[in-house]
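To start, the structure under review is shown below, and the notes come after it.
The values are calculated or read from the model by the stated rules, or taken from the named source; none is laboratory data. Keep in mind that what you see is a predicted model, and the values were worked out from it rather than measured. When we count neighbours, we look across all protein chains shown, and the Cβ atoms used for this are built from the backbone with ideal geometry, even at glycine.
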């Protein structure tokens, strides 16, 4: 990661660990609050910011939670042309945001690599 002082003002404002951590925290909390009581897998962590911070992807997200993700991707495949690049570029910010959540005890990772949100933050 770049030193905080060396970051551009736009990156410092938009990609700061508190803001990105809140996006990640809300996503994990929503996932963990499903009827199956499953916990968020660590392997999906790096897909959150590239999907939600990309304006066109965010604007084209399905309006209903009952929409199957793979159908939505098929219908919107143009949104994923550069997805691997976006994931790679946001890895450092995702890591920094996770470290922020962990250091503030807002999240924890269990022995199975599942992420949980501390109940006082859920």
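Details
- Near pairs, Cβ below 7 angstrom, 6+ apart or cross-chain, from the stretch 45-68 (free of Cβ contacts under 8 Å to residues at least 12 places away in the same chain) to any residue that is surrounded by fewer than 16 Cβ atoms within 10 Å (Cβ to Cβ) and outside any loop (DSSP other than H, G, I, E, B): 62/72
- Single condition residue 88 does not satisfy, out of (1) part of a helix (DSSP H, G or I); (2) in contact (Cβ under 8 Å) with a residue 60 or more places away in the chain: (2)
- The one condition in (1) touching a residue at least 40 places away in the same chain (Cβ under 8 Å); (2) loosely packed, with under 10 Cβ neighbours inside 10 Å that residue 74 fails to fulfil: (1)
- Some residue of the stretch 20-34 being within 17 Å of the chain's Cα centre (by Cα), farther than 26 Å from residue 112 by Cα and either surrounded by 14 or more Cβ atoms within 10 Å (Cβ to Cβ) or modelled with pLDDT of 90 or more (or both): no
- Which listed residue, of 95, 51, is under 12 Å from the mean Cα position of the chain (by Cα), part of a helix (DSSP H, G or I), surrounded by 13 or more Cβ atoms within 10 Å (Cβ to Cβ) and at pLDDT below 90: 51
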